[in-house]
Every structure is written in structure tokens, then in C-alpha cells.
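Undergrad: Sharing a structure, written as C-alpha cells. Questions coming.
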Amino acid sequence: MKKILIVSGHPDLNDSFANKTILEETKKLLPEAEFVYLDKLYPDFQIDVKTEQERLLRADIIVLQYPIFWYSAPSLMHRWIEQTFTHGFSHGTTGDKLRGKQLVLSFTSGAPEEMYRQGGLQCYPIDDFLPAYKQMAKLCGLQWCDYIYSGGLSYASRHDETELARMKDKAIQHAHLLVEKLKGMA
């Protein structure tokens, strides 16, 4: 079985329901995967580059799990990428350490999926927000393996018990889709 690394880029999982649920369910279904919780390890954004690069070296499949904040990953996830995907490690003439590994994005949004379309409230389909990640994969020699996305998981609705139950079910479904994808790759 391929080694799977799941990196949580949520800035505060204690204040999350969707990403927290996805990670908990994924851990139940895929206990052999390595889980990294950036909010617990690096609340000060001081990334231990050597440790994180060693994790990446061990992995065959890298999953970036995060909520969409302002049409991208949260700043903590960006900081982790900026610090660990360095010239000479992940790219450049000698930067081949990630070459051949597989990359999967797993992300959520508060806005429902149907808002991410041409003419929708968000104006663009969700794929239009991903070119930077696709280019990162290409530059680093990672195999782009697409994404699992779930919308309509709004933080604002978490106090409505009916909505919370619906969102929890959707987050659990997301985890099952992710694990199914990962097992198909392994």
C-alpha cells in the first residue's frame, strides 16, 4: 500500500465542524495514513521545514485538506507550502524530491456548490480557482490527481441543529469519497 500523508491546513480545527469531521472520519477509515495538523503544530506559523520535508519524502500520496478562505487555502496552508516546497527540494535543477508523488486536494466551502459556476454568485466554477495548485504540481513533478470538494458547509449555520446534522452528513460523505479515491490510487 502506498504511504498517504494528509495535511490539515485549517487554521483552528477546534472551531471547525466540517474539516474536523472529514479528518476524524478519514482517520477512522484510513488509520494507516499519516495525519499532520498544522494548526496544532504551528500556531505561530514557524514551520519546522526539515520535519515537514521528511514527511513529504516518506509519502507516495499527498493530500491537502482545507476550507476555502477567500477563494484559496488558508494562510497557514500557504505558509507550509512556501516553507517546505523549496528550490532545490521540490523544484529547480536539483529539486526532484517530490517527482512522481501524487497530489490530491480535499477542500470545503461555506457557499453551496451551485454558487461556483459561470453566472453564479461566485462567478466562476470551482475549477477556475485551482490553476495555482495545478501549476505547483507540474513545477514539482507531482502527479495532479484532482480533488474532492464539498460546498454548503457554512460556519454561520453551525448553530442550527437541522443544518448542522445535514452538514455533518455531507462532511462524512466527503471523507468516504476521499478514502475511496485514495484506496483506488494505492
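Undergrad: Measuring from label point to label point, each 7 Å out along Cα→Cβ, what is the residue 13 to residue 159 span in nm?
TA: It is 2.6 nm.
Undergrad: So, with +1 on the Cβ of K and R and -1 on the Cβ of D and E, and no other charges, what is the size of the charge dipole of the chain about its Cα centre, to the nearest 20 debye?
TA: Its charge dipole is roughly 600 debye.
Undergrad: Something else now. Based on alpha-carbon atoms only, what is the radius of gyration of the chain relative to the globular estimate 2.2 N^0.38 Å?
TA: Compared with the compact-globule rule of thumb, the chain sits at 1.01.
Undergrad: Going toward the positive end of the dipole of the chain, with +1 on Lys and Arg Cβ and -1 on Asp and Glu Cβ, which of 66, 17, 31 do you reach last?
TA: Value computed over the given set: 31.
Undergrad: State whether the stretch 141-181 is rounded, prolate or oblate according to the following rule on the C-alpha gyration tensor (a ≥ b ≥ c being the square roots of its eigenvalues): a/c under 1.5 gives rounded; otherwise a/b larger than b/c gives prolate, and the remaining case gives oblate.
TA: prolate
Undergrad: Something else: Among 101, 168, 28, which one shows the biggest mean-square fluctuation in a GNM of the chain, springs joining Cα atoms closer than 10 Å?
TA: Largest GNM mean-square fluctuation: 28.
Undergrad: Under a 10 Å cutoff between Cα atoms, tell me which one of 86, 21, 108 has the largest fluctuation in the Gaussian network model of the chain.
TA: Residue with maximal mean-square fluctuation among 86, 21, 108: 86.
Undergrad: Going Cα to Cα from residue 168, which lysines come in below 27 Å? Please leave out same-chain ones fewer than 8 positions away.
TA: Partners found: 20, 27, 28, 40, 181, 183.
Undergrad: Can I ask one more? Could you please state how large a percent of the accessible area of the chain is carbon and sulfur, counting protein chains only and using a 1.4 Å probe?
TA: Taking all protein chains in place, the chain shows 53 percent carbon and sulfur surface.
Undergrad: Comparing 156, 111, 132, which has the greatest mean-square fluctuation in the GNM of the chain with Cα pairs linked when under 10 Å apart?
TA: Result: 156 has the largest fluctuation of those listed.
Undergrad: Mind checking the full-extension length gain between residue 139 and residue 127? Use 0.36 nm per residue of separation minus the Cα-Cα distance, one decimal, nm.
TA: 2.5 nm
The values are calculated or read from the model by the stated rules, or taken from the named source; none is laboratory data. Keep in mind the model is a prediction, meaning the values are calculated, not measured. Don't worry about glycine lacking a Cβ; one is built from the backbone with ideal geometry, like all the others, and counts go over all protein chains shown. Keep in mind that these areas ignore ligands, DNA and RNA; they rest on the heavy atoms of the full protein, side chains included. Shrake-Rupley method; radii C 1.70, N 1.55, O 1.52, S 1.80 Å.
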